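Here's the structure, in C-alpha cells; my notes come after.
The values are calculated or read from the model by the stated rules, or taken from the named source; none is laboratory data. Note that this is a predicted model, so its numbers are computed, not measured. In this analysis, Cβ positions are derived from the backbone assuming ideal geometry, glycine residues included, and neighbour counts consider all displayed protein chains. Ligands, DNA and RNA are stripped out before the accessible areas are found, and what is left, the full protein with its side chains, is counted by its heavy atoms. Shrake-Rupley method; radii C 1.70, N 1.55, O 1.52, S 1.80 Å.
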Amino acid sequence: MAKRIIAKDGDESLRKRCKDVTVFDDKLWTMLDDMYETMQEANGVGLAAPQVGILRRCVIVVDENDEMLELVNPEVIERSEEIQDGFEGCLSVPGMWGMVERPMRVKVRAQDRTGAFFEAEGAGIVARCFCHEIDHLDGHLFTELTDHLYTQKELDEMMEAEEGKKR
C-alpha cells in the first residue's frame, strides 16, 4: 500500500464527473487500499477517488462501527425527508468548514471490489459522508452547499461559546 497525495480545491480533477468502474482487478484493489491508507493518515472519515487524482466512481467511508465501506459505482437510492444541518469539512479543503444540509438517512447501492452489488444504509454522520463523497464523483465540493466557510479557529470559538451557554 502507498499513501497518495490528496488534491486540493483548485485542482481540476475535483471538478470533473468520474467514469464508472468496469474492470474489477488488482489495480482497483490497490487503489482502494491506497485510498484507505491515505484517508487514515489524514484522519478522514471518507475519501473519493478524484481526491487522489483518479477519475473513477469509487469512494470509501467509515461507518458507525468504525468499519471501512468500499463503494464502487455508488448511487443514492433512498433519502429521508428528515434533514440534518451540520458542519462539514473536506480533506481537499483543509482547515475550512461550512454548515451543510444533508438527509438524516441515506441508502446507497454500490459494488464491492469484486463487482458484487450490495446496499448500505447510514444515518447521521454516515449519511452525511455518503452524500459528501458521492458528490465528489460528480465534480462537486461541499463549498457549493454552504453560505459561509469558517476557519478552524472560528469553528473552535463557536464551539467554546456554545459550551459556555450550556453551563
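Would you calculate, for the chain, the mean residue ellipticity at 222 nm contributed by helices, counting each DSSP H stretch of 4 or more residues as -39,500 (n - 2.57) and dividing by all residues, to the nearest 500?
-8500 deg cm²/dmol
Among 4-16, 100-112, 66-78, how do they line up from the highest to the lowest mean number of other beta-carbon atoms within 10 Å?
Answer by packing, highest mean first, reads 100-112, 66-78, 4-16.
Would you list which aspartates and glutamates come within 19 Å of LYS27, measuring only between C-alpha atoms, while excluding same-chain residues fewer than 8 positions from it?
Cross-link targets: GLU37, GLU70, ASP112.
What does the charge count near CYS90 come to, summing +1 for each Lys or Arg and -1 for each Asp or Glu among other residues with Cβ under 14 Å from its Cβ?
Cβ neighbours under 14 Å give a net charge of -2.
Is the shape of segment 70-163 rounded, prolate or oblate, going by the alpha carbon gyration tensor and its root eigenvalues a ≥ b ≥ c, with a/c under 1.5 for rounded and a/b larger than b/c for prolate?
Prolate shape, in that a/c is at least 1.5 and a/b is the bigger ratio.
Please report, in debye to the nearest 20, how large the charge dipole of segment 26-145 is about its Cα centre when each Lys and Arg carries +1 at its beta carbon and each Asp and Glu carries -1 there.
The dipole magnitude comes to about 300 debye.
Would you mind getting the accessible area per residue of segment 16-167, heavy atoms of the protein chains only, 1.4 Å probe, in Å²?
Here the per-residue accessible area is 54 Å².
Kindly state, to the nearest 0.05, the FRET efficiency for ASP20 paired with MET99, given R0 = 30 Å and r defined as their beta-carbon distance.
Computed FRET efficiency for ASP20 and MET99: 0.40.
Let me make sure I get this right: for segment 1-76, a, b and c are the square roots of the gyration tensor eigenvalues over alpha carbons, sorted descending. Under 1.5 in a/c it's rounded, otherwise prolate if a/b > b/c, else oblate. Which is it?
rounded
So, in Å, what gap is there between the alpha-carbon centers of segment 1-35 and segment 124-167?
Comparing the Cα centres of segment 1-35 and segment 124-167, I get a distance of 23 Å.
Carbon and sulfur together cover what percent of the accessible area of segment 91-167 at a 1.4 Å probe radius?
Of all accessible area on segment 91-167, carbon and sulfur atoms account for 52 percent.
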